[in-house]
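Written below as structure tokens is the structure these notes are about.
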Amino acid sequence: IRRPPRSTLSSSSAASDVYKRQTFDVGGSDDLAVEETIRAIHDSVKATFLTFNTKELILGGGNPHILCSIKVREIADTKQGRERLGMEAFARALETIPATLAANAGKSSLDSVIELRSRLKNNSENLGIGTNGEIEQIHFAREPKESLKHSINSATETVIGLLRVDQLISARGD
């Protein structure tokens with residue numbers, strides 16, 4: 001059985017004068033559990049340092065995803081044809097995070113997303129999916145702004161690349 005080596009994370013941020021190095025010793029019964037644990041620790045540490053360095057946090061609970069989705073839908077209503085269809089699909093994709101949060105809490109993802117979208121349109125800006133899956137005021141769940149920005153940009157670039165490939169294949173007639 002292959003065991004991953006010790007994960008050692010060095011920091012070069014402002015916190016480096018306090019902590020030069022942190023070591024996480026991860027073990028488990030199978031490689032998948034170990035790899036997932038290492039990935040989760042890496043993501044958590046990365047998000048913590050990103051937050052510490054940028055000092056920009058936004059609400060969690062799917063709040064920014066739904067707000068962006070609402071804005072994209074508003075702009076899509078002014079467009080026509082394929083452009084509008086693409087924007088509506090992008091808005092639906094943005095709603096995946098709040099839908100997943102609701103589903104993970106055992107609630108109907110569709111009902112939760114529709115209710116959250118409706119309530120956020122009525123100027124209740126601090127709402128999101130709570131830990132119990134209900135729509136509620138988000139007080140403590142936060143995420144780094146840069147992390148969400150990077151996620152949306154990466155997903156958008158990936159889709160644009162796929163559409164370009166699809167366009168090339170369609171143009172060749174394959």
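The values are calculated or read from the model by the stated rules, or taken from the named source; none is laboratory data. Here the structure is a predicted model, which means the values were calculated and not measured. Neighbour counts are summed over all protein chains in view; Cβ atoms, including those assigned to glycine, are modelled from backbone coordinates with ideal geometry. SASA here: full protein model, heavy atoms, side chains in, ligands and nucleic acids out. Shrake-Rupley method; radii C 1.70, N 1.55, O 1.52, S 1.80 Å.
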### Task
Might you check whether a residue that is modelled with pLDDT under 90 and either touching a His at 6+ places or on another chain (Cβ under 7 Å) or over 30 Å from E125 (Cα atoms) (or both) occurs anywhere in the stretch 76-83?
yes
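Kindly provide the set of residues from the stretch 135-174 that are of a type in the set (D, E) and exposed (fewer than 13 other Cβ atoms within 10 Å of the Cβ), ordered by number. Show your work before the answer.
Within the stretch 135-174, the first condition is being of a type in the set (D, E), and the residues that meet it are 136, 143, 146, 157, 166, 174.
Answer for the stretch 135-174, where residues must be of a type in the set (D, E) and exposed (fewer than 13 other Cβ atoms within 10 Å of the Cβ): E157, D166, D174.
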### Message
Condition first: among the hydrophobic types (A, V, I, L, M, F, W, C), under 27 Å from I135 (Cα atoms) and surrounded by 12 or more Cβ atoms within 10 Å (Cβ to Cβ). Now tell me which residues in the stretch 34-53 satisfy that.
### Response
A47
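Quick check on V72: is it open to solvent by less than 90 Å² (accessible area, probe 1.4 Å), assigned to a helix (DSSP H, G or I) and at pLDDT 80 or above? Before the answer, list the steps.
Details: open to solvent by less than 90 Å² (accessible area, probe 1.4 Å): yes; assigned to a helix (DSSP H, G or I): yes; at pLDDT 80 or above: yes.
The answer is yes for V72.
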### Query
Given the structure, is E83 in contact with a Leu (Cβ under 9 Å, 6 or more places away or on another chain), under 26 Å from K149 (Cβ atoms) and not aliphatic (A, V, I, L, M)?
no
### Query
From the list R92, R73, R84, which residue is charged (D, E, K, R) and either in contact (Cβ under 8 Å) with a residue 60 or more places away in the chain or out of contact with any Asp or Glu (no Cβ under 9 Å at 6 or more places or on another chain) (or both)?
R92
### Criterion violated by A102 - all others in (1) open to solvent by 50 Å² or more (accessible area, probe 1.4 Å); (2) touching a strand residue (DSSP E or B) at 6+ places or on another chain (Cβ under 8 Å); (3) modelled with pLDDT of 85 or more satisfied
(1)
### Query
Any idea how many residues of the stretch 96-149 are farther than 30 Å from H42 by Cβ, in a helix (DSSP H, G or I) and of a type in the set (D, E)?
2
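Taking T48, is it among the hydroxyl-bearing types (S, T, Y), outside any strand (DSSP E or B) and under 30 Å from V26 (Cα atoms)? Don't jump to the end; show me each part of the working.
Working: among the hydroxyl-bearing types (S, T, Y): yes; outside any strand (DSSP E or B): yes; under 30 Å from V26 (Cα atoms): yes.
Judged against the criteria, T48 is a match.
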### Task
Within the stretch 121-146, count every residue that is touching a Ser or Thr at 6+ places or on another chain (Cβ under 9 Å) and not polar (S, T, N, Q).
10
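For the stretch 75-95, what are the residues that are in a loop (DSSP other than H, G, I, E, B) and more than 18 Å from S118 (Cα to Cα)? Don't jump to the end; show me each part of the working.
From the stretch 75-95, those in a loop (DSSP other than H, G, I, E, B) are 77-80, 95; that's our starting set.
T78, K79, Q80 - these are the residues of the stretch 75-95 that are in a loop (DSSP other than H, G, I, E, B) and more than 18 Å from S118 (Cα to Cα).
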### Test: E56 is open to solvent by 50 Å² or more (accessible area, probe 1.4 Å), over 18 Å from L148 (Cβ atoms), modelled with pLDDT of 80 or more and not polar (S, T, N, Q)
no
### Query
Looking only at the stretch 13-33, which residues are modelled with pLDDT of 75 or more, under 26 Å from the mean Cα position of the chain (by Cα) and surrounded by 10 or more Cβ atoms within 10 Å (Cβ to Cβ)?
F24, V26, D31, A33
